[in-house]
Amino acid sequence: MTKRQIIIEFNEFQSIAELSDADQELVIQARDILSNAYAPYSGFSVGAAVLLANGEIITGNNQENAAYPSGICAERTAIYYANAQFPGVEVKAIAITASVNGKIINQPAYPCGACRQVLLEARNRTGKPMKVILAGREKIEIVSDARDLLPMPFENLD
Ligand code: THU
């Protein structure tokens with residue numbers, strides 16, 4: 001028997017002012033797009049902003065549906081739109097934030113399991129690291145590569 005461990009590293013910040021200009025811009029865009037979320041069932045709005053290697057910033061938010069499983073998360077809205085418009089272009093970073101009753105939540109907004117799987121595959125299309133910025137109101141965590149958010153992932157069956 002061999003005992004193994006997986007350790008995840010991330011950086012924590014107290015305010016977006018501590019981030020680089022590019023990361024701040026991404027968080028601002030993720031916050032801005034919160035107001036277009038359609039979340040009448042959960043009341044939980046999520047905003048995501050994706051930075052592509054060609055400089056484009058694509059934003060998305062959660063879109064719910066009366067048939068609950070038909071809704072989609074903000075991260076997947078943004079990533080799928082980016083891949084639909086710019087296939088093969090590296091996704092350099094994604095910022096994610098969430099609000100309840102119009103107020104950004106204090107804690108960083110973590111992507112669900114399905115979104116982690118989608119982030120990972122988008123990252124693996126180019127093999128380049130995808131920075132993930134998890135932006136709460138007063139706490140921001142940055143993981144340097146989406147791969148770190150999904151250890152032991154489901155991947156190709158070969
Ligand atoms: N949601 C996201 O948009 N992203 C996630 O990673 C987790 C959850 C949305 C889905 C649903 O509209 C609402 O948040 C409550 O679960």
Exactly one of these conditions fails for SER35: (1) surrounded by fewer than 13 Cβ atoms within 10 Å (Cβ to Cβ); (2) within 16 Å of the ligand (Cβ to nearest atom); (3) small (Gly, Ala, Ser); (4) part of a loop (DSSP other than H, G, I, E, B). Give me its number. (4)
Residue check: is ALA109 surrounded by 12 or more Cβ atoms within 10 Å (Cβ to Cβ) and either under 18 Å from ASN124 (Cα atoms) or over 10 Å from the mean Cα position of the chain (by Cα) (or both)? no
Search result, residues across region 106-128 that are more than 11 Å from the ligand (Cβ to nearest atom) and within 16 Å of ARG31 (Cβ to Cβ): ASN106, GLN107, PRO108
Conditions (1) closer than 16 Å to ILE133 by Cα; (2) part of a strand (DSSP E or B); (3) in contact with a helix residue (DSSP H, G or I) (Cβ under 6 Å, 6 or more places away or on another chain): number failed by ARG76: (2)
Give the residue that is farthest from the ligand (Cβ to nearest atom), with candidates limited to residues of region 90-105 that are in a loop (DSSP other than H, G, I, E, B) and in contact with a Lys or Arg (Cβ under 9 Å, 6 or more places away or on another chain). GLU90
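Please go through region 1-32 and pick out each residue that is under 21 Å from GLY55 (Cα atoms), of a type in the set (Gly, Ala, Ser) and either assigned to a helix (DSSP H, G or I) or under 17 Å from the mean Cα position of the chain (by Cα) (or both).
Those that are under 21 Å from GLY55 (Cα atoms), of a type in the set (Gly, Ala, Ser) and either assigned to a helix (DSSP H, G or I) or under 17 Å from the mean Cα position of the chain (by Cα) (or both): ALA22, ALA30.
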Can you find, within region 43-73, the residue that is farthest from the ligand (Cβ to nearest atom) among those that are crowded, with 24+ Cβ neighbours inside 10 Å and touching a residue at least 40 places away in the same chain (Cβ under 8 Å)? LEU51
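Where a number appears in this text, it was derived from the coordinates with a stated rule and is not lab data. Please read these numbers as outputs of a predicted model, since none were measured by experiment. Because the Cβ atoms are built from the backbone with ideal geometry, glycine has one as well, and the counts that use them run over all protein chains shown.
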